[in-house]
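To start, the structure under review is shown below, and the notes come after it.
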Amino acid sequence: MTKTDSAFLDVHVLHAVPFSNLNRDNLGTPKQMVYGGATRARISSQCTKRAARLWLEQNTDLGTALRTRRLPQLVRERLMADEVFADDDDAKQAVVSMFANAKGKGVKKGITVEEVGSDGDGHELQSDQLTFTTTEAAAAVARVIASCKDEVLAEGFKPDPPTKKALTSALHAHNPIIALCGRMLAALPETNVDGALQVAHAFTTHTSTLELDYFTAVDDQLQLDGDEAGAGHINVGEYTSGVFYRHATIGLRQLAELLDDSEAAVAEVAGSFIRAFALAEPTGKQNSANAHTRPDLMAVTLRSDRPVSFAAAFEKPVEPGRNGGFMNASIEALHRRAALENQMYGPEGVIDSWYVESETPDVSGLGDPLDSLNDLVRVVEHNIAPTTTRSDGERAAHDF
């Protein structure tokens with residue numbers, strides 16, 4: 001690796017979101033938090049990370065991942081599709097037996113599989129825990145079962161060491177998506193992946209209150225029949241709005257170890273994630289709000305020492321400007337915080353930093369200004385892998 005060998009890549013975003021409910025709790029209320037004694041709207045880290053992961057899977061060539069309890073059912077369906085077993089009951093027994101033997105050192109019980117169904121009859125195999133793996137895992141496990149299809153149906157089946165290794169290897173597989181997000185599987189701790197990505201909970205830079213939306217739904221048939229006036233349904237929805245500060249960190253050394261120390265691969269994943277973090281949106285109640293906006297500021301800092309969030313810039317809630325609006329004041333507060341960090345702790349931990357924004361602040365502490373998101377991605381990729389950065393032609397498919 002280059003000078004970024006042990007670096008952390010910090011990504012900071014300021015994003016104005018209008019009337020919406022992108023991430024709600026169990027009661028349907030937009031998530032909130034208290035910071036600096038003020039109530040803020042919040043979007044959970046899990047919500048943000050999932051939106052970014054799905055964007056990466058849909059818009060890049062980094063691969064796809066699957067988090068599901070239905071992996072045993074997918075293996076069962078692949079066995080039948082490949083005609084490994086003539087009888088579905090045999091396929092079912094083979095899957096249950098094989099997953100029961102999928103356990104790591106120090107783990108007494110493997111992955112428990114049972115047949116369940118919403119109708120109570122039982123028609124689908126599900127495991128007792130979510131498995132986060134590649135979309136190719138089902139086919140790989142099916143091949144392992146096919147290699148010992150007679151033995152696996154025997155009572156008291158125990159796979160021999162090569163078969164056990166092949167099975168765990170199929171579940172151990174990871175791609176750049178899993179390298180970023182990480183994986184934990186209790187039955188197979190050796191398949192765990194310590195993800196290189198950390199995502200903070202997003203929150204509004206200012207005080208935010210809930211807005212109530214009283215709405216009605218008309219019963220069309222009653223209206224046509226003229227039998228009744230008024231609404232067929234009445235309810236209240238809760239929404240919020242504001243300028244959100246979002247922050248994420250990628251440990252580049254950790255990512256490199258998961259990607260065979262390939263500078264080119266690390267650069268591509270880092271650049272793609274910057275795009276995803278800027279452009280991906282949670283989908284909560286978007287049909288009701290259509291709150292599709294893009295950030296006003298994106299900043300990236302390469303650090304050699306440790307990740308640094310600038311959340312403290314907003315510990316004191318930002319006040320609206322003279323003509324209203326929180327974005328300009330939020331941008332200035334973020335720049336001031338970055339400049340203060342550099343002054344207090346020195347610039348030694350900062351390898352380089354850049355930013356793109358819609359407004360020009362009175363102060364500048366986020367590094368070198370750039371013109372576009374594409375420029376930001378290119379300069380980051382080049383700093384991670386100077387000699388292997390993708391050409392314009394290779395990059396074009398992902399530029400927006």
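Taken together, the values in this text are just the output of simple stated rules run on the coordinates, not laboratory data. Computed from a predicted model, the values in this text were never measured in an experiment. Glycine gets a Cβ as well: all are built from the backbone with ideal geometry, and neighbour counts include every protein chain shown.
A few remarks follow.
- Matching the structure-derived mean projected area of the Cα convex hull in nm² against the labelled list [x] 17.8; [y] 27.4; [z] 18.9 gives the label [y].
- Across the chain, C-alpha contacts under 8 Å between residues 6 or more apart give a mean separation that, scaled by the residue count, equals a relative contact order of 26 percent.
- Rounded Å value of the spacing that divides the Cα centres of segment 40-61 and segment 147-170: 37 Å
- Proximal charge balance of K158 [Cβ under 13 Å; K/R count +1, D/E count -1]: -1
- Taking the C-alpha atoms only, the angle from helix 71-81 to the longest principal axis of the chain is near 50 degrees.
- Normalised by the number of residues in segment 269-400, the mean separation of alpha-carbon contacts (under 8 Å, six or more apart) gives a relative contact order of 28 percent.
- Most positive-pole-ward Cα, T240, A142, P159, against dipole of the chain from beta carbon charges: P159
- Scattering profile of segment 129-280 at q = 0.12, 0.13, 0.15 Å⁻¹ [log10 I(q)/I(0), Debye over alpha-carbon scatterers]: -0.77, -0.81, -0.91
- Whichever lysines have a C-alpha closer than 27 Å to that of K165, once near sequence neighbours (fewer than 8 apart) are set aside: K92, K103, K105, K108, K109, K149
- Mean-position separation - Cα centroids, segment 279-329 and segment 186-248, in angstrom: 18 Å
- Between helix 373-384 and the chain: long-axis angle, C-alpha atoms, 0 to 90°, nearest 10: 70 degrees
- Over segment 247-400, the fraction of Cα-Cα pairs per 10 Å bin, rounded to whole percents and listed from the shortest bin up, is 9, 34, 36, 18, 3, 0.
- Of the residues Q286, L252, H172, the one whose Cα sits farthest towards the positive end of the charge dipole of the chain is L252 (charges of +1 on Lys and Arg Cβ, -1 on Asp and Glu Cβ, taken about the Cα centre).
- For segment 149-202, the alpha carbon positions stretch 53, 18, 15 Å along the principal axes, listed from largest to smallest.
- Partners of K316 within straight-line reach, counting lysines whose Cα lies under 21 Å from its Cα and excluding those fewer than 8 residues away in the same chain: K31.
- For the chain, the antiparallel share of DSSP beta bridges with both residues in that region comes to about 95%.
- Over the residues of the chain, the helix contribution to mean residue ellipticity at 222 nm works out to -10000 deg cm²/dmol, using -39500 (n - 2.57) for each DSSP H run of at least 4.
- 0 to 90° range, to nearest 10: angle between helix 45-59 axis and the chain longest Cα axis: 70 degrees
- Derived scalar couplings between HN and Hα for segment 277-289 equal 5, 7, 9, 6, 10, x, 9, x, 6, 5, 5, 8, 10 Hz in order, rounded to whole Hz, by the Karplus curve 6.51 cos²θ - 1.76 cosθ + 1.60 (θ = phi - 60°), x for Gly and Pro.
- Using C-alpha pairs under 8 Å with a sequence gap of at least 6, the mean separation divided by the residue count of segment 114-273 gives a relative contact order of 18 percent.
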